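Below is one structure; the comments refer to it alone.
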Amino acid sequence: MNAIRSIWRLTPVRGVTIPNYAIRSLSANTTALPHAVEPVVPPVELDKLYKRVELEMRGIDPAVLLSYSWFCVAAASHLGIEVTKSWALRKAEKERHTLLKCVHIYKKHKVQYEIRTYFRFIHMQRLTGSTCDTYLEYIERNLPEGCALKVTKIECQKLPEHLVPPKKESEE
Amino acid sequence: MSILIKRSKSGCFNSACNVKLWRLNSTSADSALKKGEEEEEFRVLDILKKRDKMQRRVVKRTDVQPDRIDRMATNQNWGNVWPGPKTFHPSSVPLPIRQGYVPKGQAPPGKKANAELMKIPNFLHLTPPVIKSQCEALKQFCTEWPNLLNSEESIDKHYPLEIISSDYCHASPSIRNPLARVVILRVKLADLKLDKHSTDKFKRLVGDRYDPKTDLVTITADRCPTKVQNLDYVNYLLTACYHESWNFEDWEKEKTEDDMEYYDWDNNASKRSLIDWYLRIKNESKIMNDEEYKAFDISQIENGAQYKAAVSIYMNEGENPQTVQEYSIAVRKLFGLPQKKLF
């Protein structure tokens, strides 16, 4: 696969054809023909590689989150994505507010509210860019009401080619 | 007007009502009726109108269609019945579902007109066969992971740079989430081509972003408003630090022993004290200056090399039982003392 990837690496098409054309026009010795319109080949975009993709789901109802994560795992298995881990926190995160019960005075009488947020996590590994985009689009379109999704993608890339040690100047 | 109060039943003990049967002065108009009633029954005054209620029947609405459930086949394609996310509709779902909390002993309420069932998001549009068929249709847009990159080591070897970013999907007044602009770049220092001086300079330039335990440099960028800009910035930072670490400035020559990041035994007081002690033993004590101390060859001193190694490891790696023990062994050998007995 890497060999195929290297073949697909971008080589500037124009740079290859122009010299040949220039040589041909010199040898042909004909009247200057208008340059044929060369088809502009768009640069080949290589597929990204994602080492890990982590989904974090937050919701107000743990049953809905469970159903949704079951759906995510099922879809991943159909599309051939490795799911390494799928788990939930045992307890919800509770945000509590203690407010005065009455509009005016009565400090001793208060009322407490809490907002419960349930969490669920799914970790996947080794996805290509197109698979990841397709899968995430499918997942996000079917996100139920009352749920939020956070997707963390860890993409692996090659080191940039310009990060090379400076060449020593030739001694004069 | 004649008023009659119905005698309460002997079974119910109603303290409020008085068991009285009495007639007020009647008018002459209904005196004829009264005569007829006396023979049959008294007219009963129905305050609670129980008889009317019993007789009234619930009028069935004729415009309501029969339930769709009744016309569903068991082998139908459910994906066609429920194609997308929809509020629960009890007449279209052929399942005997009950939902709701009730005290012990009672059955939960049924599915018809059940607000609890309608409130909760249902996944009836994502049944397993539907998921399967939809994934089959999506497979044409997916690509396979390269077979040769099947281990972590091979991935790290060929693709050492990591770019971490987050995407958010949730209900909100705006589709933008400001947290989505954060980009983190992670790379192992060993994968970058650096020599001794440039690694040290790179670590100093990068500062806290370098973790010596994992040998990872983590550069985070969130100062630009978009992800693409932050990505460019992060790449720029890495390039700038890399090339700057290869530059040797003139003022770097003024690096003193205090600035050194590791302990070099030759430049420190430990060597001097060792040499002084050695010369005092031989009764040749003389005052030397720095260059002579550095130039002194410790191979003349017995176990000097071991002492040098022990002190260097102690100062560089930190104090732990192993380094302290090695130091004690080296010092005892140097002074010719017996080794510590281990119980």
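Bear in mind that the values in this text are calculations on the coordinates, not laboratory data. Because the structure is a prediction, the values reported are computed rather than measured. Cβ placement follows ideal geometry from the backbone for every residue including glycine, while neighbour counts extend to all protein chains displayed.
What distance in nm separates the two pseudo spin-label positions at B:GLU261 and B:ASP297, each 7 Å out from Cα along the beta-carbon direction?
Here the modelled spin labels are 3.3 nm apart.
Only counting other Cβ atoms within 10 Å, I'd like A:TRP87, B:TRP251 sorted with the fewest neighbours first.
Ordered by Cβ neighbours within 10 Å, fewest first: B:TRP251, A:TRP87.
Using the Cα gyration tensor of segment B:207-343, with a ≥ b ≥ c the square roots of its eigenvalues, what is the shape: rounded (a/c below 1.5), prolate (a/b larger than b/c) or oblate (neither)? Before the final figure, lay out each step's value.
Details: a/c = 5.28, a/b = 2.08, b/c = 2.55.
Oblate, since a/c reaches 1.5 and b/c is not below a/b.
Take the cross-link list B:LYS213/B:LYS340; A:LYS167/B:LYS255; A:LYS167/B:LYS203; B:LYS255/B:LYS282; B:LYS188/B:LYS271; A:LYS91/B:LYS139 and give me the ones stretching past 27 Å between alpha-carbons.
Check vs 27 Å cut-off fails for B:LYS213/B:LYS340; B:LYS255/B:LYS282; B:LYS188/B:LYS271; A:LYS91/B:LYS139.
Starting from the 7 Å offset along Cα-to-Cβ, what nm value, one decimal, do you get for the label separation of B:LEU48 and B:ILE329?
Modelled inter-label distance: 10.1 nm.
With a Förster radius of 35 Å, plug the Cβ-Cβ distance of B:VAL59 and B:VAL81 into 1/(1 + (r/R0)^6) and report the FRET value to the nearest 0.05. Present the calculation step by step, with values, prior to reporting the outcome.
Details: r = 31 Å, r/R0 = 0.89.
With R0 = 35 Å, the Cβ-Cβ based efficiency is 0.65.
Hey, what did segment B:78-142 get for relative contact order, percent, Cα under 8 Å, at least 6 apart?
Relative contact order for segment B:78-142 comes out at 39 percent.
If the reach is capped at under 21 angstrom between alpha carbons, list the lysines near B:LYS60, excluding any in the same chain fewer than eight residues apart.
B:LYS111, B:LYS112
Note down the nm distance, to one decimal, between modelled labels 7 Å out along Cα→Cβ at B:HIS89 and at A:VAL111.
3.8
Relative contact order of segment A:49-156: what whole-number percent is it, with Cα pairs under 8 angstrom and at least 6 residues apart?
Normalised by residue count, the contact order of segment A:49-156 is 50 percent.
Is the shape of segment B:260-335 best called rounded, prolate or oblate, per the rule: a/c under 1.5 gives rounded, else a/b larger than b/c gives prolate, else oblate, with a ≥ b ≥ c the square roots of the Cα gyration tensor eigenvalues?
Cα axes put segment B:260-335 in the oblate bin.
If the label point is 7 Å along Cα→Cβ of A:LEU89, which residues in segment A:38-80 have backbone nitrogen under 16 Å from it?
Counting backbone N atoms under 16 Å from the label point, the list is A:55-63, A:65-66.
If R0 is 25 Å, what FRET efficiency do you get for A:ALA74 and B:SER154 from their C-beta distance, rounded to 0.05?
For R0 = 25 Å, the calculated efficiency reads 0.30.
Please compute the length gained on full extension between B:ILE175 and B:LYS139, using 0.36 nm multiplied by the number of residues separating them and subtracting their Cα-Cα distance.
10.2 nm
Sort A:TYR50, A:TYR106 by Cβ crowding within 10 Å, fewest neighbours at the top.
In increasing order of surrounding Cβ atoms, one gets A:TYR106, A:TYR50.
Residues of segment A:103-131 with backbone nitrogen within less than 16 Å of a virtual label 7 Å along the Cα-to-Cβ line of A:ALA63, please, listed as ranges.
Label zone hits: A:118.
Arrange A:SER77, A:SER69, B:SER245 by Cβ neighbour counts within 10 Å, fewest through most, would you?
Numbers: A:SER77 14, A:SER69 19, B:SER245 22.
Listed from fewest to most nearby Cβ atoms, that is A:SER77, A:SER69, B:SER245.
Over 30 Å between Cα atoms, which of A:LYS51/A:LYS94; A:LYS48/B:LYS132; A:LYS158/B:LYS132; B:LYS196/B:LYS294 qualify?
A:LYS51/A:LYS94; A:LYS158/B:LYS132
For segment B:260-335, what does the relative contact order come out to in percent, with C-alpha contacts under 8 Å and a separation of six or more?
This gives 32 percent for segment B:260-335.
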